[in-house]
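Note sheet for the following structure.
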Amino acid sequence: MSKKFTAVRLLCAFGIAFVLTVAIIFGVSEEPVTAIYNLFLGPLQSKRHFFDVFASSVPLIFTGLALGLVFKSGNFSMIADACLYTGAVVTAALAIKTALPAGLHPAVIMLLAAVVGGIIGSIPALLKVYFHTNELVTSLMFNYVFFYLGIYTVTKFLADRAAGTFASLKYQPTASLGSLISGTKFHAGYLIAIAVVILLYLLVYKTKFGYEIRISGSNPEFAKYSGINTSRVIILTQVIAGAVAGLGGSVEQMAMYQRFNWQDSPSYAWDGVIIAILSGNNPKNVPLAAFFLAYIRVGADLMSRRSDVQNELVSIIQAVLILFVTAERFMAGWKQRQEAKKALGGEA
Amino acid sequence: GDSAEETTAAGKETSAEAGAEKETEAKEDAEKKETEAASGEKVKVTLLVTGSFGDKAFNDSAQAGMKKIESEMGDQVEVEMIEMGSDKTKFEGSMLDAAESDADIIITGLWDMKEITEQVAQEFPEKKFIIFDTDVDYTLGDLSNVYSMSYKQNEGAFLAGVLAASVTSSDMEFANEDAVIGFVGAKDTAAVINDSAVGYIEGAQFVNPDIKVLVSYVGSYVDSATAKELALTQYSSGADCVFVAAGPASVGVIEAGAESQKYVIGVDSDQALAYEGKDEANYIISSAIKGVGDSLFSSIERAQGGELPYGEHETLGLAEGAVGLADNEIYNTVVPEDVRTAVDGAKEKLLAGEVTVDTAYGMDEETLKGIINGAQ
Amino acid sequence: MEQGNILEARNITKVYPGGVVANHNVNLSVKKGEIHALVGENGAGKSTLMKMLFGMLAPTEGQIFVDGKEVHFTSSGDAIAAGLGMVHQHFMQVPSMTVAENLILGAETGSPFKVDRKKAVEITRELSERYNLKVEAEEKVEDISLAMRQKLEILKALYRGAHILILDEPTAVLTPQETEELFEQLLLLKESGHTIIFISHKLNEVKALCNRMTILRDGKTMGTYEISDLDEHEISRLMVGREVSLDIEKAEADFGKTVFSVKDLVYADQFGKTRLDHVSFSIKEGQILGIAGIDGNGQSELVEAIVGTLKLQGGQVRLNGEDLTGASVLKRQEAGISHVSEDRMRYGSAPKLSLEDNAISKVYYTGQLKSRGLIDSKKVNGFANRILKEFLVKYDNSKQSVSELSGGNVQKLIVGREFDYDPDLLIMNQPTRGIDVGAIEFIRKKIVDMRARKKAILLVSADLSEILSLSDTILVMHEGRIVGHISDVKNTSENDLGLYMLGVKEDSKEQIGGAYCE
Amino acid sequence: MILQDIINTLSLPEFYFAVFRSATPVLLTTLGAMIASRSGTNNIALEGTMLISAFVGVVVSAFTQSAWIGFFGAVLAGFLISNILAYFILKLNSNSVISGIALNTFASGGTIFALYLLTGEKGASTSLASLKLPSIDIPVIQDIPVIGAILSGHHVLTYAALILVAVIWYMFKYTELGMHIRAVGESPDAAESVGIHVKRVKYTALSLSGILTGMAGAFLSMGYVGLFSAGMTAGRGYIALATQAIAAGNAVIGMLASLLFGFCQSLANYLQSSGIPLQFIQMMPYLIIIIAYTVYCAMVERNKKKKQMKAAAGK
Ligand SMILES: Nc1ncnc2c1ncn2[C@@H]1O[C@H](COP(=O)(O)OP(=O)(O)OP(=O)(O)O)[C@@H](O)[C@H]1O
Ligand SMILES: Nc1ncnc2c1ncn2[C@@H]1O[C@H](COP(=O)(O)OP(=O)(O)OP(=O)(O)O)[C@@H](O)[C@H]1O
Ligand SMILES: [Mg+2]
Ligand SMILES: [Mg+2]
């Protein structure tokens, strides 16, 4: 019943979002059909665009996993943003300044980026455990701190002075996670992301520590009474989440960039929140949720490029889709009537 | 390309007021296209901008240029404008999309597009590419289909510096005793902003080697409130003329100027035009203009005449008229004769090569900080 | 409708989201001026029915009449306006506000722009006098005792002018004296013309207080009876559908060696209030040590101190000769401590997680649930189902969440989990609070089984009949100290205990010291 | 050298004036966030609400040529957006964080889109003749040396924000609505059982939150600067989330936190010419907030421990 209902609800939500989107497009566009076609089917038109969706979903998967894990442990730290950004900076530094053989280079870089991400991730957690600060507050503030620290590092040590803009020197070719399917951006990073999904799934649902995360997140009091060291859980979870986010920043840099040029923080962590919540904080569902978000973004991009619909409309459409798709009690009345009918019918 | 990509310029510029008008225009356009497509004569020019329009800088200027092309060469040229947004991973895809479309000439700009252009241009030798505000490395391969041009904004900024330094020591209404002027930039990480800063400082020092130049960065292109706050800080620290290079956030600095009754020098386009008839306009004594739009217009003109040197790079500066100070009514009425003369003098010296301006492009961190901190 | 029925529910059906049929064609008629009991097992649908009468839930089908007129309440505000008042099973109070503020909440004194707190305090005092329900008007609710919170709930209803009072398990947290006091006040209220609906699992109370009763089983009405027509056994049978007995058969005491002891435990809370004041005692194999006391006199802290969730300022905890002072909760568990906590939803389970997850909380890290280093869901499933079956938990499947079980079933699950761990020391804190007779019977039997298996058992309970019928030795706590040490349990009455609990009586130092031996 | 710079800065009345100015939008938003959070809902949409209000204020004032009608428009926009948020959270049971993020996304694109439709421009509303709300000189105070320069002549909404601190403190302490909001936030069941319409109260709280955030938006575009520019809120809504958490429901602490932020921000502005690497100056406000907040929390915790030890020892 519940599964069927979820399906019906999602369909209707998509339906409403679709109708609203179409209405908006008809309202503002001279070529609504082109716009709508590109928005919803654009990504399917060519191999390149289709695999763009996968490539765009990679940072979303990483932050979605990281945020999902943090939420699962009952915390609300946004530090993944700083972890991802700094992971990317670390990647830039190592990709420029170190020389290692091809296979090894990315591996070492990813490892170090993850370690740095983990360390940064632990900061709000440590402050929370030792000084009882609210991790949302400290993480939001630390995001700024690490962003500026990153910018400083790149400007001071890595910048390409000949570049006409903010950009680091070029990465060594050995430090690249190249495309796996020629003519597309589908890169090895996607496979790494999926591997992390599997690992985290196992961690959360199949290990001792995962159990501790879930209990602590669901009811910390009970966790304490069950002999779980909740402080350790809080810290370790955020270390892991930070490492995942740091790894995400690293993968994204090596797969999609040849230089570091994040002059503004890409703020993937807020996207991560959306993914985490869409996926119900279950790693298993993260790739799908990320695919969904990436798909509407790629579609919207194509729409804005190929029709007269402005780029900015994309965010409006995204908002509408997200709002309705995540509205839980949307159609709850209908559901309850069905259930009552069924329950009473079954008894009589 | 398929029908989805046959986007016309008329379709692109939908705005509320012009809806009805556009409709007929679109129809006419479609008819025109049919006939021209048959004869195969109309050249399609696609502009790809990084970020979006409304940046009060390159993109808006490029857009103006494209509109000019459309209105003056509409019989031979069809234009399309695409905003690529801020996600840099999408730039390459957009470029490929454009190259795969029916565009004949693809215009794009800024250093972020340099490497992408170098690569895509080789993959699509039958298409022509124009890239502004950066060069491409012609030694990489066959880039004979790419024309690149960059601007010497430092020369414009130099003149702004000369102007500011002269103003601060003049007897103009809102000038004070101190030889202090200011610079408010968007981000210290952007070479183009620093290039303006360097030119400005050197221009000011050209007039008065002991001048104090306060330099602040907003840290953002959009935070007009902080931009204003910084400018207010500079004005209250004794600056009476501030040169701003902060994209859309510039408006905050202009307001600060009007509010403090001090002078502002705008950037990229003649910023006083946006304030025509408003009080603020009286304080914007000039702007360091960078003629991106005009340069696009003239390159398309040259391309149509077969004169555009594809496969080459050109640097456009004062001499080419691509950069300079806005010579508008306010400049001529508010700024006293002797100051204007000083500016003209400096301009001549620049043109004659008697003075040179450093550029922040390729400058190392130490030197840059040295120049900036040296003037504070 | 029948004459004299002040409140009537006719053919009420309620289906919760998720399809639980909590009430099915339920009928209830309450006469003006009576005390009407509503009894039934956990999950029979009592609270659900009351919440509908009180406008907090909308019936799926059926009609409600007040004073002969059909009503359609859309909120409890409507019900309050119609003269109803409800004292909920779980206190409906805002902990950070004072008693007086809670009293007037929603019906404030003064103007909307200036709530008159002074007046609120006055009113509280005045009402408190009038109905002889003593409360501290200016204390914060988080600082007052459960008994006082109970009284506050009743005062809240009276303040709003309720003449029909619904009391959902009001005595679950009271001492006998307090219960008796409450009954007196309820009878007074009845005399002054109030009508009362009284829900309780304690049938002796129902017999003592009520005029008529309605019995619910599985969401259906089993009928309405005059109290005098039924004895407790008949009521139990109607409720549960079988014979139940709360008389515990327990073998003669046969203690072994001392297993567990605490010495000089001292604890002060963050507000600087002393909660444990040099508490010492020990427990032997096969001994049930009962701790009696009014809620809030240090029992919870004592349990926490033993379990290891409290940082003590002084004292020693030993199990099997091992010093556990300062050891972690986990270490203590591994040393052999099991614990059934007083608040099953807060400390005893993770309500949103599955029965499986909740069942394995003691053994999740052990090898018995793993294969190839990972937790094996088949093994977990097997383990959980075994416990659920063994402890007669009513459930659909082991993947459903704990919050979907009724309280009694949650408790059985927790007891099952803790007993299955085979501990040396078993701490039972309020093991049967608020659960029905069937479940109570079951859990008490299990406790006695553990005693027979030579476990040391610490039983903390507010239910004195439980303490008296199960314990071999009883300690009474008052303001963080042990004030009574009773070895001769058979010849002790609830009232005797009550005197210690209220601080009226205190044993000598030597006698109390006797509770501790190395 | 740097110390000298700091001391110089701290002796300027203009500096303190600027502190109030930069604190105002954060303060208003913090108050809004606080009301929402006390009612038990997290308003993550502050950033977007502020942005939309800033936009609407400019547009309405430009079209009506009345600053006050523009202000009213901004506040109304804040009210409407927060009610949309409330509808999704309370009626459709959406996750409050995700709905908030969605509305922020909506605002960031929607304002630019609407600006483009209205003016054909995307960057700033320079072509709209929008108006500003006035600044106010306070009679007697303005004549006192130093103090006058710091306290007088502020924007009307700066004073409004300061007054609102008192109003909101009073509201939570003394009014029926304040009590209801607290009750609903702390234990909704209890509130419901005494006939308080829990959802209605939550709607009201979110509406108030929207109105205050709308005022912050109006301050940005009709006070701080006199026009709308794309993305001009620049993260202030997120900072308010932090200051709100620090305030923990207390309007006065909320004000202090906002002022601390304003103080650091202004100090950073003044120190830009000091030669310290820019990035370190830019991160300073955030770092100081973290440090102050952590020290504050640590002290609260230590006091608790001290009390405990004392009590245990006393026995
Ligand atoms: N909010 C709810 N959602 C779904 N089911 C519920 C809800 N509340 C109660 N139920 C279910 O409805 C049934 C009746 O519950 P109710 O609370 O009325 O029982 P009760 O007779 O009061 O039991 P107890 O003696 O334990 O208080 C139970 O099966 C319970 O699980
Ligand atoms: N959303 C829900 N879905 C299913 N069952 C629920 C839900 N919410 C509550 N219940 C169950 O309904 C039952 C009745 O709830 P109630 O509030 O009367 O207290 P209780 O926990 O049953 O207390 P006790 O058993 O101690 O009397 C509870 O067992 C509770 O677990
Ligand atoms: Mg009940
Ligand atoms: Mg119950």
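The values are calculated or read from the model by the stated rules, or taken from the named source; none is laboratory data. On a predicted model such as this, the values are computed, not experimentally measured, just so you know. With ideal geometry, Cβ positions are generated from the backbone for all residues, glycine too; neighbour counts draw on all protein chains shown. Keep in mind that these areas ignore ligands, DNA and RNA; they rest on the heavy atoms of the full protein, side chains included. Shrake-Rupley method; radii C 1.70, N 1.55, O 1.52, S 1.80 Å.
Tabulated values for the structure
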| item | result |
| --- | --- |
| Nearby aspartates and glutamates by direct alpha-carbon distance to C:Lys14 (threshold 19 angstrom, same-chain neighbours under 8 apart not counted) | A:Glu339, A:Glu347, C:Glu41, C:Glu61, C:Glu70, C:Asp168, C:Asp218, C:Glu404 |
| Over 19 Å between alpha carbons, listed pairs C:Lys151/C:Lys190; C:Lys51/C:Lys190; A:Lys72/A:Lys208 | C:Lys51/C:Lys190 |
| Candidate lysines for bridging to A:Lys156, where Cα separation is under 28 Å - those fewer than 8 sequence places away on the same chain excluded | A:Lys97, A:Lys170, B:Lys88, B:Lys90, B:Lys114, B:Lys152, B:Lys187, B:Lys212, B:Lys228, B:Lys369 |
| Alpha carbon centroid spacing (whole Å) that separates region B:189-265 from region A:283-311 | 39 Å |
| Kirkwood Rh (inverse of mean 1/r, distinct Cα pairs), chain D, angstrom | 20.7 Å |
| Amide proton proximity set for C:Ile144, modelled H, under 5 Å, gap of 5+ | none |
| Of B:Ile116, A:Tyr85, B:Ser286, farthest towards positive along the dipole that unit charges on Lys, Arg, Asp, Glu beta carbons give the protein assembly as shown | A:Tyr85 |
| Built amide H within the under 5 Å cut-off of B:Ala245, gap 5+ | B:Val184, B:Gly185, B:Ala186 |
| Between region B:37-88 and region A:112-177, the alpha-carbon center distance in angstrom | 37 Å |
| Between region C:147-182 and region D:67-95, the alpha-carbon center distance in angstrom | 42 Å |
| Reachable lysines from C:Lys454, criterion Cα separation under 23 angstrom, eight or more residues apart if same chain | C:Lys250, C:Lys257, C:Lys263, C:Lys284, C:Lys331, C:Lys362, C:Lys412, C:Lys445, C:Lys446, C:Lys490 |
| Sequence-separation-based contact order of region A:30-308, relative, with Cα cut under 8 Å and 6+ spacing, percent | 43 percent |
| Three-way shape label, region A:30-308, alpha-carbon gyration tensor, a/c 1.5 | oblate |
| D:Thr105, C:Thr74, C:Thr195, ranked by accessible area, largest first (probe 1.4 Å) | C:Thr74, D:Thr105, C:Thr195 |
| Summed residue charge, Cβ within 11 Å of C:Val115's Cβ, Lys/Arg positive, Asp/Glu negative | +1 |
| Accessible-area value, C:Cys517, 1.4 Å probe, nucleic acids and ligands omitted, Å² | 50 Å² |
| Average other protein chain Cβ within 10 Å of Cβ, residues B:246-254 | 5 |
| Residue mean of other protein chain beta carbons inside 10 Å, A:273-282 | 2 |
| Extreme residue, positive dipole direction of the protein assembly as shown, given options B:Ala204, D:Ile35, B:Ile330 (C-beta unit charges) | D:Ile35 |
| Given charges at Cβ of Lys, Arg, Asp, Glu: the protein assembly as shown dipole, positive-most of B:Leu214, C:Leu374, D:Gly178 | C:Leu374 |
| Cβ-defined net charge surrounding C:Ile467, 12 Å radius [Lys, Arg +1; Asp, Glu -1] | -4 |
| Relative contact order (%) - region C:219-325, alpha-carbon pairs under 8 angstrom, separation at least six | 25 percent |
| Selection of GluC sites (Glu not before Pro), region B:176-252, meeting DSSP coil and at most 10 other Cβ within 10 Å | B:Glu177 |
| Net charge dipole size for region A:30-308 [Lys, Arg +1 and Asp, Glu -1 on Cβ; Debye, nearest 20] | 660 debye |
| Computed over chain C: relative contact order in percent, which uses C-alpha pairs under 8 Å that are six or more apart | 15 percent |
| Debye, to nearest 20: dipole size of the protein assembly as shown, +1 on Lys, Arg Cβ, -1 on Asp, Glu Cβ | 6800 debye |
| Solvent-accessible surface (1.4 angstrom probe) belonging to D:Glu176, in square angstrom, nearest 10 | 50 Å² |
| Peptide D:263-272, shielding by other chains (average Cβ, 10 Å cutoff) | 4 |
| Estimated FRET transfer efficiency when R0 is 41 angstrom, pair D:Ser127-B:Gln304 (beta carbons, to 0.05) | 0.80 |
| Per-residue ³J(HN,Hα) for region C:389-401, Karplus 6.51 cos²θ - 1.76 cosθ + 1.60, θ = phi - 60°, Hz, x for Gly and Pro | 6, 4, 9, 6, 6, 8, 8, 7, 8, 6, 8, 6, 8 |
| Probe 1.4 Å - accessible area at A:Ile296, Å² to nearest ten | 20 Å² |
| A:Asn229-D:Arg302 FRET efficiency (beta carbon distance; Förster radius 35 Å; 0.05 resolution) | 0.95 |
| Given charges at beta-carbon only (K, R positive; D, E negative), |dipole| of region C:5-240 in Debye | 540 debye |
| Two-site label geometry, C:Ile248 and C:Glu139: point separation in nm, points 7 Å out along Cα→Cβ | 3.0 nm |
| Cβ-defined net charge surrounding D:Lys199, 10 Å radius [Lys, Arg +1; Asp, Glu -1] | +2 |
| Debye intensity ratio in log₁₀ form over the Cα atoms of chain B, taken at each q of 0.15 Å⁻¹ | -1.26 |
